[in-house]
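The values are calculated or read from the model by the stated rules, or taken from the named source; none is laboratory data. All values derive from a computational prediction rather than experimental measurement. As a convention, Cβ positions derive from the backbone with ideal geometry for all residues, glycine included, and neighbour counts pool all protein chains shown.
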Amino acid sequence: MRLDDLRFFVRVATLNNLSAAGREFGLSPSAASARLVTLEKSIGNQLMARTTRSIAITEAGQIFLEHAQSALKEMDAAVDRLDAATGAPRGLLRISCNMFFGRKHILPYLNEFTERYPDVRLEMNFSDDIVDLIGEGFDLAIRAAMLPDSTLRARKLGGNPRVLCASPDYLARKGVPSCPDDLARHDCIGLSFMPVWYFHGPKGEVSASVTSSITGDTGDYAYDAALHGLGLTVKSVAHVWEDLRDGKLVEVMKDYPVARTGDIWAVYPPGNFTPPKITALIDFLREKYGSPPYWETDYQVVGSAG
């Protein structure tokens, strides 16, 4: 029985999906099924009850899962300690981040990172969901939000200012808002998870319950909608800094900056030490971003409206 077999089984149980776990390991559905059967035969118990449409962990599988997770945790800790002793970053580094930040601020630098650290293998997971780092086996997550209280450790990569913005075409057609009250007369691009927009006003925080002309559930949708002139939206500067710099989007209502913005963090599991591969990537990204990071300064080349 190999450690990879244990990792595969843990992913099957975590995802509750044999094919999805197989894809993560580069296996076809038939190869994934065969790998699970081989593992079950090696331990003499059925771990997953499966039909053509569903899969569920058995009682024996639940017992095996608990011990497999514990064994993997101990083995990973042993490898990390060996790495820490040598100081050389190595091994698989599993990273979770949302699509926009990964596409704009991580992927462009990974070729240089892997050339600098050839013994580190990278696995990227792009999702807007907040993953369970420990339960899902991630080494590191990039989170562009306010961090709740947690046992997780974190290092700040940069600020995450947000702006109210729109395309020049939209502003030419509908005018430029100057205060939150003006939003009632504008087309707003809504996000289902952000029904209220908050701004810093002269007398404190101001909230605006916007009536959206179009609503969706991802930041990428709101970005595309704004570029196509569908209305005003609140966007992270890390997402739109190039568009602001180049004049494709225009920041408005600068006298009422967007509130409740948070920062961008590298988050990783707790422990008595940090594996060199994690430290290496965080230090590398901070080096590439600068202080303050380029997205907080470069976008101001083009003037804002309002």
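Taking the numbered list (1) outside any strand (DSSP E or B); (2) under 22 Å from Phe100 (Cα atoms); (3) of a type in the set (Gly, Ala, Ser) in turn, Gly190 passes all entries but (1).
Taking first residues from the stretch 276-299 that are closer than 21 Å to Gly91 by Cα and assigned by TED's automatic domain parsing to the domain that holds Leu93 and partners that are at pLDDT below 95 and in a helix (DSSP H, G or I), the Cβ contacts under 6 Å between residues at least 6 apart in sequence or on separate chains come to Pro276/Asp83. Looking across the stretch 215-237, the residues that are touching an Asp or Glu at 6+ places or on another chain (Cβ under 8 Å) and of a type in the set (A, V, I, L, M) come down to Leu227, Leu230, Leu232, Val237. Is one or more of the residues making up the stretch 219-232 at pLDDT 95 or above, in a strand (DSSP E or B) and over 17 Å from the mean Cα position of the chain (by Cα)? Yes, the stretch 219-232 has at least one match.
Filter the stretch 31-49 down to residues that are within 26 Å of Ile134 (Cα to Cα) and surrounded by fewer than 19 Cβ atoms within 10 Å (Cβ to Cβ) and give me whichever is nearest to the chain's Cα centre (by Cα). Top of the filtered list is Ser33.
For the stretch 171-190, the set of residues classified as closer than 22 Å to Ala238 by Cβ and in contact (Cβ under 8 Å) with a residue 40 or more places away in the chain consists of Cys188, Ile189, listed by residue number. Evaluating Lys254 against the criteria (1) under 27 Å from Ala154 (Cα atoms); (2) assigned to a loop (DSSP other than H, G, I, E, B); (3) of a type in the set (D, E, K, R) leaves one unmet condition, (1). Taken over the stretch 4-30, residues that are exposed (fewer than 13 other Cβ atoms within 10 Å of the Cβ), out of contact with any Phe, Trp or Tyr (no Cβ under 9 Å at 6 or more places or on another chain) and outside any loop (DSSP other than H, G, I, E, B) amount to 2. Cβ separations smaller than 7 Å between residues 6+ apart or across chains give the following pairs from the stretch 13-42 residues that are in contact (Cβ under 8 Å) with a residue 40 or more places away in the chain to residues that are exposed (fewer than 14 other Cβ atoms within 10 Å of the Cβ) and in a loop (DSSP other than H, G, I, E, B): Thr14/Gly135; Ser42/Met1. Scanning the stretch 261-274 for residues that are under 20 Å from Val131 (Cα atoms), of a type outside the set (Ser, Thr, Tyr) and assigned to a loop (DSSP other than H, G, I, E, B) returns Gly262, Pro269, Pro270, Gly271.
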